[in-house]
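So the structure is just underneath, and the comments pick up after that.
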Amino acid sequence: MDNETIKETGRPGSGKSGLFGRTGEGLPAPAGIRVRSVRFIYALLAGGYFVCILLQVFFAGLGLFVDSGELQLHRTFANYFEFASILMVLLSFFGRIRGGLRWYGLILFALTALQHLTVLQFTGALRALHTVDALLLFGISLHLAKRSWPWLGAAVRRRC
């Protein structure tokens, strides 16, 4: 079996079965428009969530280093984007998104809930977990944005 057949079909010896189903030429059939659209929206949400985390850090810096009155913006801004992570989990089922990209959205939601708990319920040194949790939110949202970024480019290339 030559490498070209493996590269075209995704598995040796199949000859006719593509990555997304049967095709006449042995090449993978493209993903449906629904799957591409859902993945595009997922990637937008992942990138947007990452930008919101960056803004949260900026707002915290404003409140700590410029004017303590600005901290109110940091307190309320998370309420505007925290449920995007749940939407990402739901979209992952419709967009056939598997593995970590499916479940990291749920982890983002749990970590965001922990952010609220560290401020409202924790006392003493445990409140410092707020900053550690923010680093986790930053890292996971960056990972999701980077991994889903190609879906944004694929949608743009198809329209040209």
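Read-outs throughout are calculated quantities, based only on the coordinates presented, and are distinct from any laboratory measurement. These figures come from a predicted structure and were not determined experimentally.
Relative to the globular-protein estimate of 2.2 N^0.38 Å, the Cα radius of gyration of the range 35-160 stands at 1.15. Computed from backbone phi with θ = phi - 60° and the Karplus coefficients 6.51, -1.76 and 1.60, the 3J(HN,Hα) list for the range 46-63 is 5, x, x, 4, 4, 4, 5, 5, 4, 5, 4, 5, 4, 5, 5, x, 4, x Hz; x is used for glycine and proline. Once the convex hull of all Cα atoms in the range 97-137 is built, its volume per residue stands at 49 Å³.
Per-residue 3J(HN,Hα) values for the range 66-71, derived from phi via the Karplus relation 6.51 cos²θ - 1.76 cosθ + 1.60 with θ = phi - 60°, read 10, 8, 4, x, 6, 5 Hz in sequence order (x marks Gly and Pro). Could you run the Debye sum over the Cα atoms of the range 70-140, one equal point scatterer each and no solvent, and tell me log10 of I(q)/I(0) at q = 0.18, 0.21, 0.25 Å⁻¹, two decimals? The computed values of log10 I(q)/I(0) come out as -0.73, -0.91, -1.12.
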